[in-house]
1. Just flag the GluC sites (Glu not before Pro) in the range 131-236 sitting in loop per DSSP whose Cβ has no more than 13 other Cβ atoms within 10 Å.
2. What does the charge add up to near HIS171, with Lys and Arg as +1, Asp and Glu as -1, over the other residues with Cβ less than 14 Å from its Cβ?
3. Need one word for the range 46-130: rounded, prolate or oblate. Basis is the Cα gyration tensor (sqrt eigenvalues a ≥ b ≥ c); a/c below 1.5 gives rounded, then a/b vs b/c decides.
4. What does the C-alpha gyration tensor say about the overall shape of the range 77-121? Classify as rounded when a/c is under 1.5, otherwise prolate if a/b is larger than b/c, or oblate.
5. Using +1 at the C-beta of Lys and Arg and -1 at the C-beta of Asp and Glu, which of SER170, GLN184, PRO128 has the Cα lying farthest in the positive direction of the dipole of the range 103-192?
6. List the chymotrypsin sites (Phe, Trp or Tyr not before Pro) within the range 62-166 that fall in a DSSP loop (any state other than H, G, I, E or B) and whose Cβ has at most 12 other Cβ atoms within 10 Å.
7. If the range 101-204 were replaced by its equivalent ellipsoid, with semi-axes equal to the square roots of 5 times the Cα gyration tensor eigenvalues, what would those be, largest first, whole Å?
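All of the numbers you see were taken from the coordinates with simple rules; none came from a lab. Since we're looking at a predicted model, the values are computed, not measured. Glycine gets a Cβ as well: all are built from the backbone with ideal geometry, and neighbour counts include every protein chain shown.
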Amino acid sequence: MQEQGDAALAPGGVWQQACENFNGEQLAYVAALATGAKLAFGDRPKEITYRRLYALPSPQQIDEAFAHEIMMVEREVVMCKVAADLAAAEGGAVALVVGSAHLPGIQSLWQSGTWRQLLAADDLAASPLMAAPELGPSDMAAPGSGAKRGMLDAVMSLSVTQEVLQDLDSHLPPVPEDQDEERQLAFEFFSAQRTQLAALPREMLDRVCGCVRGCESGESMWDVLAPVRAVRPVNGGNGWDEEVVVALRGLDMYLSVGGGEEGEDANNAAALEA
């Protein structure tokens, strides 16, 4: 690429061929090697992120999607710091290669300068964002740990791949057998589409769903999903309830068959009233 100069970037050139044969991260290496640019890992070590994801937020905060703060914002602050240090050391521009989901956050943090306040240290290693809480078997054996882990897995599954979830599992202590059922029920509860529906504000839910057909009382979806909302930690629940999970299974089954009969709609409402 260095020998070809601008021709390497032309249609059909070396760079186009590289783009057709390598993914985004691999292209960063190719570009750096071809141009002689310095390569540096700009993210926080994943073990720190995983430990902070489990240890720091409470069940209520996980329910409020606090995991986004640790999984995205904190890492974006670290990326801004690495970029700033590299630019100062190299005396020139720095190219960041990041996932597209990080771009809006990095841009906002960089332009506003708030990443410096969030970093809370001049040296990256001294930042509280780089502190990894110690986690051992006793932490996972504490009451409610299974449910908390199931909630975290479910919230994470909304925005990451299965490979990331498996990686998370490999970096955290295992959940004891006596809490595994809670973990599975909490995961199923927070993974259910109806649980996500129940998180909507009432006005939005009414616009999306309206009334449940087949209910003589004209019961709204807001009323039908009341038991679901009660299970959520933000509303004082413990994050899982076997009866509600069973009801959600029934509701999902009735809706998935796509019959549209009034009798099925009535069953949907009755299942969640239990």
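1. Filter output for the range 131-236: GLU134, GLU216.
2. In short, -2.
3. Prolate is the answer for the range 46-130, as a/c is 1.5 or above and a/b outweighs b/c.
4. Since a/c reaches 1.5 but b/c is at least a/b, the shape of the range 77-121 is classed as oblate.
5. In the range 103-192, that residue is PRO128.
6. none
7. 30, 23, 12
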